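Bear in mind that the values in this text are calculations on the coordinates, not laboratory data. Values in this document were obtained by computation on a predicted structure and should not be read as measured data. Cβ coordinates were reconstructed from backbone atoms using ideal geometry, including for glycine residues, and neighbour counts include every protein chain displayed.
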Amino acid sequence: MIVEIGHYALTLALALALVQAIVPLWGTLRGDEGLASVGQSCALGQFAAIALSFGALVEAHLASDFSVLNVVENSHSAVPAIYKISGVWGNHEGSMLLWVLILAFFGALVAALGRGLPPILRANVLAVQGLISSAFLAFILMTSNPFARLSPAPFEGRDLNPVLQDLGLAIHPPLLYLGYVGFSIVFSFAAAALIEGRIDAAWARFVRPFALVAWCFLTLGIAMGSYWAYYTLGWGGFWFWDPVENASLMPWLAGTAFVHSVAVMEKRDALKVWTIFLAILAFSFSLLGTFLVRSGVLTSVHAFASDPSRGVFILAILAFFIGGALALFAWRAPLLKRGGLFAPISREGALVLNNLLLTTTCVGVLIGTLYPLALEQLTGEKITVGAPFFNMTCGALLLLLCFVVPFGQSLAWKRGDLLGVAQRLSLALAVGLCVCVALFALLRGGPVLAPIAAGLAVYIILGSLNEIFARVWRRGAPFGLLLSRARGLPLSAWGSALAHIGVGLTLMGLAATAFGAETIATMRVGEPQTVGPYEVTFQTLGSRAGPNYSEVVAKAEIRSGGTLVATVDPAKRFFPARQSSTTQAGIATLWLGQLYISLGDQAGDSAVAARLYWKPLVTLIWLGACVMAFGGALSLADRRLRIGAPAPARTAPAQSMAAAER
Amino acid sequence: MKRIRLALLFGLMIASSLAHAVQPDEMLRDPALEARARTLSAELRCMVCQNQSIDDSDAPLARDIRLLIRQRISQGQSNEAVRGFLVSRYGDFILLKPPFKTETLLLWTGAPLALAIGALAIWSAVRRREIAPPALTEAEEARLTAIVGEGERG
């Protein structure tokens with residue numbers, strides 16, 4: 001019964017979404033305020049209905065209701081409760097339901113919090129959001145119904161894929177979707193602005209918090225996915241330039257560009273048309289990612305051709321929204337008034353360069369991801385575009401961008417002084433260069449990219465700190481004044497400095513991968529092996545039983561110069577329900593580095609093949625992403641950005657002074 | 001979600017074989033030769049996996065190719081010769097970094113081309129603006145006069 005209520009609620013949500021898509025638009029065209037405001041209650045009702053539907057599916061999974069096909073295929077009565085819940089989105093149907101749930105959540109957010117929005121803008125935003133919702137709800141109901149029943153019901157489920165029985169699945173997809181789908185609101189705002197033919201700095205102020213929220217979650221989601229892959233897949237890789245990963249990286253790149261250009265628009269009323277274009281681009285990449293992952297086109301072009309119903313449906317959605325938005329853009333963008341002039345050497349100019357490099361990287365990732373598919377379709381020739389290609393093309397572009405970052409941060413709006421900024425950054429530049437040269441000398445003949453990346457990382461971090469320091473520090477000022485100046489700096493200034501420090505930290509972690517060590521050996525109990533600066537000894541090797549698996553587990557002691565620094569228990573799990581096994585790497589975090597042990601095949605009673613890695617500073621890769629997201633959140637907390645917040649009333653003298661100096 | 005498909009594949013792979021990426025028994029005694037083998041195998045794709053190098057892959061086919069590389073390297077063949085042999089046998093599909101040729105022209109030049117076009121577009125926009133600085137409209141002129149007048153009076 002609960003399952004049927006869930007199914008019914010989903011259908012109801014579609015009806016509400018259709019009303020939300022059509023009526024407010026009709027209202028704004030007719031100038032009827034009553035009709036225009038219908039969208040709000042629809043958005044709230046739609047969210048409630050989808051939440052109910054999602055709840056019903058969760059309940060079916062929790063209760064192990066094996067009369068539901070989705071539960072049978074992705075659950076098992078012995079699976080721990082947490083994986084019963086996360087198993088809800090560990091499959092196609094459930095993950096699409098999560099997708100629309102988050103879509104409706106953002107729509108409801110606009111409806112509930114958008115009191116400060118101009119009514120026409122709000123009505124149009126909700127209409128576009130409703131249109132997106134309708135398309136995806138129809139997709140779920142017609143091609144991927146999660147509530148399909150099965151008769152007769154089997155006695156036991158087929159279990160959740162063991163690789164997915166991990167906390168990563170509980171956290172990663174929701175975070176990623178909050179980011180991915182969050183850009184839908186940005187898209188809706190852009191489309192609404194185009195429909196209305198009006199856009200100004202206020203529009204930018206309304207849309208920026210949504211963009212920042214989406215961006216923060218996407219950053220965290222990608223980082224979480226990367227860490228998950230790192231610890232489960234068993235060989236310590238964290239980014240593979242896999243099409244599925246690229247699908248999430250592209251919206252991130254476009255979204256990052258958008259977050260920067262919308263700042264220009266808000267502060268200087270410039271780059272309007274470009275900002276709108278980026279808003280369309282960011283969500284288009286989210287849609288493209290959904291298509292790539294959900295249609296099966298990636299696994300093989302032929303698999304897609306043999307069961308095209310889902311793929312074609314999403315492709316149609318993709319074509320409608322991207323094509324429609326771009327057509328709207330081509331038609332209406334010329335109407336938008338161009339504003340804010342600036343000299344090429346200025347913060348705006350630097351942000352244009354930032355946008356150019358980010359979008360070019362995005363294009364590079366796009367071409368690399370789609371090229372093999374297109375080539376196979378056109379000529380039948382199969383090629384592989386793998387990590388070495390992306391590292392070369394996109395890596396180079398991103399390193400170039402990293403060099404520009406501190407300049408952009410330090411340049412003044414409107415007209416900047418390049419020489420002055422270079423002087424201000426001279427210390428950061430010099431230290432970065434020293435690090436780079438020292439590493440080159442140390443590694444002679446080794447990797448080229450790592451020393452450059454490490455130098456750049458140091459330079460970005462110092463450059464960002466320098467920016468804050470320069471805005472706070474005044475010669476001879478007493479400490480109290482400095483403190484109040486630091487407090488007077490807008491949170492968004494702290495936020496952007498922190499986010500850029502995060503970029504530096506991640507880059508540092510990436511660079512440090514070149515300094516790792518690896519030992520592949522047959523480990524015998526009691527016999528030590530060296531990896532990097534550490535010695536690893538397996539004390540015992542035995543088997544253990546878990547709730548729905550059995551595992552071979554080693555107890556490994558990690559010593560440094562004879563003293564015990566950590567013990568970990570790497571394991572290899574076997575899941576009888578699916579006759580498959582997973583590797584549970586033993587990971588010891590030592591300062592910022594990690595010692596990573598993964599087990600291979602057992603060779604007799606007291607010996608096992610193992611890979612041992614020493615990965616210095618590796619945690620910085622993900623910590624950096626967390627710092628980036630925290631920076632974004634800090635910017636979000638800036639009073640200026642709160643929806644409906646009045647013009648800044650709390651201007652401290654120190655702040656206005658700092659502002660005047662900018 | 002982006003991992004799920006990948007993970008599913010890995011799940012399948014692991015299920016089909018419990019072999020593991022680079023085993024101790026495969027490795028060559030000579031560390032220099034072994035290092036060459038590792039570098040080579042990091043550039044080659046495991047043909048039955050999704051976007052994984054044979055160095056990282058658990059699949060039996062990847063193990064076979066790893067062994068083949070090591071055998072040929074120990075026989076004294078150069079990296080290029082081994083790579084050439086594998087390409088002649090499996091096609092360009094096995095290379096993680098696609099070769100530069102007519103079919104991949106757009107792939108390799110796409111991003112630089114986009115950068116050039118973007119830079120050109122920005123440059124022309126800047127020039128256009130420099131040539132024609134926007135004049136004040138009549139209304140703006142009037143407002144400016146009013147403001148200036150106010151300032152002088154105040």
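Computed 3J(HN,Hα) for region A:79-89, one whole-Hz value per residue from the Karplus formula 6.51 cos²θ - 1.76 cosθ + 1.60 where θ = phi - 60°, is 5, x, 3, 4, 7, 5, 6, 5, x, 4, 9, glycine and proline marked x.
How many partner chain Cβ atoms sit within 10 Å of a residue's Cβ in peptide B:51-60, on average, as a whole number?
Taking all residues of B:51-60 together, the mean is 4.
Partner shielding of A:377-385 amounts to 5, given as the average count of beta-carbon atoms from other chains within 10 Å of each residue beta-carbon. Measuring between their Cα centroids, region A:187-243 and region A:66-96 lie 27 Å from each other. Taking a ≥ b ≥ c as the square roots of the eigenvalues of the Cα gyration tensor, region A:465-592 is classed as prolate, since a/c reaches at least 1.5 and a/b is larger than b/c. A protection proxy built from the mean count of other Cβ atoms within 10 Å ranks the segments A:271-283, A:105-117, most packed first, as A:271-283, A:105-117. Beyond 21 Å, the tail of the calculated P(r) for region A:220-316 holds 50 percent of the Cα pairs.
Helical content of chain A, expressed as a calculated mean residue ellipticity at 222 nm, amounts to -21500 deg cm²/dmol (DSSP H runs of 4 or more residues, -39,500 (n - 2.57) each, divided by residue number, nearest 500). Hydrodynamic estimate: the Kirkwood radius of region A:517-615 over Cα pairs, inserted into Stokes-Einstein at 4 °C and 1.567 mPa s, corresponds to D of 95 µm²/s. A Förster distance of 35 Å, applied to the separation of the beta-carbon atoms of A:MET142 and A:GLU376, puts the FRET efficiency at 0.75.
The slack in the chain from A:SER606 to A:SER484, taken as 0.36 nm per residue of separation less the alpha-carbon distance, amounts to 37.5 nm.
Peptide A:161-167 has a mean of 4 when you count, residue by residue, the C-beta atoms of other protein chains within 10 Å of its C-beta. Across every direction, the projection of the convex hull enclosing the Cα atoms of region B:13-128 has a mean area of 10.4 nm². Applying the Karplus relation 6.51 cos²θ - 1.76 cosθ + 1.60 with θ = phi - 60° to region B:38-50 yields 3J(HN,Hα) values of 5, 4, 4, 6, 6, 9, 10, 8, 6, 6, 9, 10, 9 Hz, where x marks Gly and Pro. Using the Cβ-Cβ distance between A:PHE469 and A:LEU335 with R0 set to 41 Å, the FRET efficiency works out to roughly 0.40.
Could you work out the relative contact order of region A:514-571? I mean the mean sequence separation of Cα pairs under 8 Å and 6+ apart, divided by the number of residues, in percent.
Relative CO of region A:514-571 lands at 24 percent.
Globularity index of region B:40-96 is 1.01 (Cα radius of gyration / 2.2 N^0.38 Å, N = number of residues).
Fraction of C-alpha pairs exceeding 31 angstrom in region A:2-379: 37 percent, rounded to a whole number.
By the Kirkwood approach, averaging reciprocal distances over each pair of separate Cα atoms, region A:192-257 gets a hydrodynamic radius of 14.0 Å. Once the Kirkwood radius over Cα pairs is known for region A:260-396, the Stokes-Einstein relation at 37 °C and 0.692 mPa s delivers a diffusion coefficient of 189 µm²/s. Partnerless cysteines in the protein assembly as shown, where a partner means another cysteine C-beta under 4.7 angstrom, comprise A:CYS42, A:CYS216, A:CYS362, A:CYS394, A:CYS402, A:CYS434, A:CYS436, A:CYS626.
Sorting the segments A:543-549, B:139-145, A:257-263, B:47-53 by their residues' average number of neighbouring beta-carbon atoms within 10 angstrom, most packed first, yields A:257-263, B:47-53, A:543-549, B:139-145.
When peptides A:469-480, A:125-136, B:92-103 are ranked by their average number of other Cβ atoms within 10 Å per residue, the highest-first order is A:125-136, B:92-103, A:469-480.
Restriction of the chymotrypsin sites (Phe, Trp or Tyr not before Pro) in region A:309-378 to DSSP coil positions whose beta-carbon has at most 12 other beta-carbons within 10 angstrom yields no sites. Karplus-derived 3J(HN,Hα) values for region A:270-286, using 6.51 cos²θ - 1.76 cosθ + 1.60 with θ = phi - 60°, are 10, 6, 4, 4, 5, 4, 4, 4, 5, 4, 5, 4, 4, 6, 4, 5, 4 Hz; glycine and proline are entered as x. Close amide H partners of A:ALA412, meaning residues 5 or more places away or on another chain with modelled amide H under 5 Å apart, are A:ARG347, A:ASP417.
Taking trypsin sites (Lys or Arg not before Pro) across region A:402-456, the ones in a DSSP loop with at most 12 further Cβ atoms lying within 10 angstrom of their Cβ are A:ARG444. A crude spin-label estimate for the pair B:ARG89 and B:LEU68, with each label 7 Å from Cα along the Cβ direction, gives 0.2 nm.
Taking label positions 7 Å along the Cα-Cβ direction at both A:PHE155 and A:SER67, the computed distance is 1.9 nm, reported to one decimal.
Our estimate of slack between B:GLU80 and B:THR39, defined as 0.36 nm per intervening residue step minus the Cα-Cα distance, is 13.6 nm.
Annotation: amide H-H contacts under 5 Å for A:SER580 (H modelled 1.01 Å from N, sequence separation of 5 or more, or interchain): A:PHE575. Between B:ASP30 and A:SER77, the FRET efficiency estimated from the beta carbon spacing at R0 = 45 angstrom works out to 0.25. Across region A:466-515, counting alpha-carbon atoms alone, Rg and Dmax equal 14.9, 45 Å. Projected over every direction and averaged, the convex hull enclosing the alpha-carbon atoms of region A:78-140 yields 5.2 nm².
Classified by the C-alpha gyration tensor, chain A has an oblate form. Its axis ratio a/c, with a ≥ b ≥ c, is 1.5 or above, and a/b does not exceed b/c.
Calculate, in nm to one decimal, what A:GLU59 and A:VAL404 gain on full extension: separation in residues at 0.36 nm each, minus their alpha carbon distance.
119.1 nm
This model, with +1 at the C-beta of Lys and Arg and -1 at the C-beta of Asp and Glu, gives region A:1-157 a dipole about its Cα centre of some 400 debye.
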